[in-house]
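Have a look at the structure below, then the notes.
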Amino acid sequence: MFEKILFATTASPTCDDAAKVAFELSRKNHSRLSVFHVFGLPSRGFGLEYRDVRTGDRVEGDENLVGLVLEEMKQYYEKQAKDHPGCSFEALVGEPHTEILRKARKEDVNLIIMGAHNRPEDIGASRHRAIAGSTMQKVAKSARCPVLIVSRPCVTCWSYFANIVVATDFSKASDYAFQFARNVAADIGCTLHLFHCVDLSAENELHAPNQAAIEAKVREAEEKMQAKYVANMGEFDNFTITIREGTPHVEVLKFARESKADLVVMAHHTREVDPEKALLGSTVEQVVLRSACPVLSVNHPDKVDVTPYGARPGSD
């Protein structure tokens, strides 16, 4: 399913959870894994001095420094890469999200894997958390392939998933998220849970809707579920449909816990807007930071097979 995987890492304990998923997933899929680390931000002007994203220290960016960082990366992941011949390492200095996206385009990767943010005990955590969070948002916004964000230990590995939740807001990007999740669930042989939350959050409604209005929105959502998703399941029939009302990220997280989700799949924003202009949606961001399982952000159809599972391209 994933011929080429890009693991964007800080080469520190921050990304250990994401590293486990990246190495195990690529090994099971016999994927070509690129372990990629952008370790600085250019300073003003045209000098060779750079600012370390973890510590904030000023460092001289030259070939020797890059070589040292690359060796540290290889040593840090030596155990994971030992029996992984399809693994390569690369380090460079630059703007993290720009270089990650450039690398993904150049290598034509099928999946980007990255961590969400630093742990409090890490050196320079508060500074790096802001940079890492911004990087995650910008990569999720502009990546042409799905982005898997791992913020906590993944107890179950990809091939052993039993439950995948796809949370939709019925946007075009959500359609791509559904198509990706459907194909993964069918390929693995697990249950796909289709979920939608009727948004009753204060910022979405000037006036609280009455019960009749809420019920009307629920019925409308049920009809959309049938027309958009059930009608495009193909031969895949191992799925459930759930619709609730409330604050979207709260309900997504609650449902993910209840359904014992191994993976949550979402579009990268929560409104029908141009993906090139949208920021990482607040719903996705809140789910990423709080989810007990990995969250996969889908933005574009480029690496998504939109054919219903079991159907042949061009067939009715």
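Values quoted throughout were computed directly from the atomic coordinates according to the rules given, and no laboratory measurement underlies them. Because the structure is a prediction, the values reported are computed rather than measured. Ideal geometry is used to build each Cβ from the backbone, glycine not excepted, and the neighbour counts take in all protein chains shown.
Quick notes
- Label-point separation in nm, residue 210 to residue 240, each point 7 Å along Cα→Cβ: 3.3
- Over region 158-298, relative contact order from alpha-carbon pairs under 8 Å, at least 6 apart, %: 33
- The residues neighbouring residue 88, those whose beta-carbon lies less than 12 Å from its own, together hold a net charge of +2 under the Lys/Arg +1, Asp/Glu -1 convention.
- Spin-label proximity, residue 90 to region 1-28 - amide N less than 12 Å from point 7 Å beyond Cα toward beta carbon: 5-8
- Ordering 250, 264 by the number of other Cβ atoms within 10 Å of each residue's own Cβ, fewest first, gives 250, 264.
- Counted by neighbouring Cβ atoms within 10 Å, the residues 233, 1 run from fewest to most as 1, 233.
- Stokes-Einstein D (µm²/s) once Rh is taken as the Kirkwood radius of region 158-298 over alpha-carbon pairs, at 4 °C in 1.567 mPa s: 85
- Taking 7 Å steps out from each Cα toward its Cβ at residue 226 and residue 16 produces label points 5.0 nm apart.
- Panel order for 17, 237, by other beta carbons found within 10 Å of each beta carbon, from fewest to most: 237, 17.
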